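Comments concern the structure below.
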Amino acid sequence: MTLLAVFAHPDDETFGCGSVLLHAARRTRTVVVCATLGEAGHPSDRVTVPPEGLGSLRERELHEAAAVLGVDQVETLGLLDSGMDGDPSPGTLCATPLEQLTARVRDAVDRHRPSVVLTLDGSDGHRDHVRVRDAVLAAVEPDTALYLHCLPRSLAHAWLLERAGAAAAAEYAAMPQFGTPDEEVTTMLDTAWCYQTRWKAIQTHRSQDSPFDEISEDLRRRVLTTEHLRRVQPRWTGGRPEHDLVGLPG
Ligand SMILES: [Zn+2]
């Protein structure tokens, strides 16, 4: 059995939902597909960008993080990072027709035959995350379990409060819909057991300033010790949140 996780950029797998990957890796094969190498990301002052570009550095970080997260296989799709705004350049994720991107995701699904598929829900507003989400929603057959990883709005707002005044937070503060409405979360995984490993994976993405820098230890633990997801397939019909993923072996 396989869990297939599809992302736009290196670090989405770790900053976004690294503990879901750790949760799954104990019981199943995990595969990460990353559409771009995050070439448009802003490099941290900690690193020197190599002559071959930020993408090659971020690809190495992706593989390093995946090893920490117990991921069995990493694939990249060779598209380019669209960046946050402006006209997307040719070859970028957002310049690629949705049908083409969907076909690439479907190809990965056909080859790996996952029992669970995972991506980010795009509620941070990054257009590449939204694009990948839409392709995943279109590509996965109805009989496969499908989850969207969420940042609940209550935690998103707590993060904004702690980061008030920081440039990175100002962009998100301007978004009326930042974060997933808490009532849409269907699935809460207790991932306190893998906090240290998740933290180690976060450190491998040295070229990126993480959203967990410069926040309180209390908030960091709140975000990193519970993973919040929305189950799309099988369709959620209400009730108390579940605490495991449908589609994983018992
Ligand atoms: Zn991303």
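Here's the yes/no breakdown for (1) under 17 Å from the mean Cα position of the chain (by Cα); (2) crowded, with 24+ Cβ neighbours inside 10 Å; (3) among the small types (Gly, Ala, Ser):
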| residue | (1), (2), (3) |
| --- | --- |
| GLU13 | yes, yes, no |
| SER19 | yes, yes, yes |
| THR28 | no, no, no |
| ALA35 | yes, yes, yes |
| GLY38 | yes, yes, yes |
| ASP45 | no, no, no |
| GLU52 | no, no, no |
| VAL71 | yes, yes, no |
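Of all helices (runs of 4 or more DSSP H) completely enclosed by the range 143-250, which ones contain at least 2 residues that are small (Gly, Ala, Ser)? Spell out how you get there, then give the answer.
On the way: elements: 153-162, 167-173, 195-204, 217-224.
Filter on the range 143-250 gives 153-162, 167-173.
Mind telling me which of the residues ALA201, ALA192, ALA166, ALA174 ends up being open to solvent by less than 70 Å² (accessible area, probe 1.4 Å), modelled with pLDDT under 95 and of a type in the set (A, V, I, L, M)?
Values: ALA201 fails: modelled with pLDDT under 95; ALA192 fails: modelled with pLDDT under 95; ALA174 fails: open to solvent by less than 70 Å² (accessible area, probe 1.4 Å).
Of the residues listed, the single one that is open to solvent by less than 70 Å² (accessible area, probe 1.4 Å), modelled with pLDDT under 95 and of a type in the set (A, V, I, L, M) is ALA166.
Which of the residues belonging to the range 119-142 are outside any helix (DSSP H, G or I) and either of a type in the set (Asp, Glu) or open to solvent by less than 60 Å² (accessible area, probe 1.4 Å) (or both)?
Those that are outside any helix (DSSP H, G or I) and either of a type in the set (Asp, Glu) or open to solvent by less than 60 Å² (accessible area, probe 1.4 Å) (or both): THR119, LEU120, ASP121, GLY122, SER123, ASP124, GLY125, HIS126, VAL140, GLU141.
Restricting the search to the range 143-156, which residues are over 17 Å from PHE15 (Cα atoms) and either acidic (Asp, Glu) or open to solvent by 50 Å² or more (accessible area, probe 1.4 Å) (or both)?
Here is the first cut: in the range 143-156, the ones over 17 Å from PHE15 (Cα atoms) are 143-146, 154.
Once the filter is applied, which keeps residues that are over 17 Å from PHE15 (Cα atoms) and either acidic (Asp, Glu) or open to solvent by 50 Å² or more (accessible area, probe 1.4 Å) (or both), the range 143-156 yields ASP143, SER154.
Pairs, please: C-beta under 9 Å, at least 6 apart or cross-chain, first residue more than 13 Å from GLY122 (Cα to Cα) and within 11 Å of the ligand (Cβ to nearest atom) and in the range 1-19, second charged (D, E, K, R) and open to solvent by 10 Å² or more (accessible area, probe 1.4 Å)?
Close Cβ pairs satisfying both conditions: PRO10/GLU59; PRO10/ARG60.
The values are calculated or read from the model by the stated rules, or taken from the named source; none is laboratory data. Computed from a prediction, not measured in an experiment: that's the story for all the values here. As a convention, Cβ positions derive from the backbone with ideal geometry for all residues, glycine included, and neighbour counts pool all protein chains shown. Note: accessible area is taken over every heavy atom of the protein model, side chains too, but ligands, DNA and RNA are not part of it. Shrake-Rupley method; radii C 1.70, N 1.55, O 1.52, S 1.80 Å.
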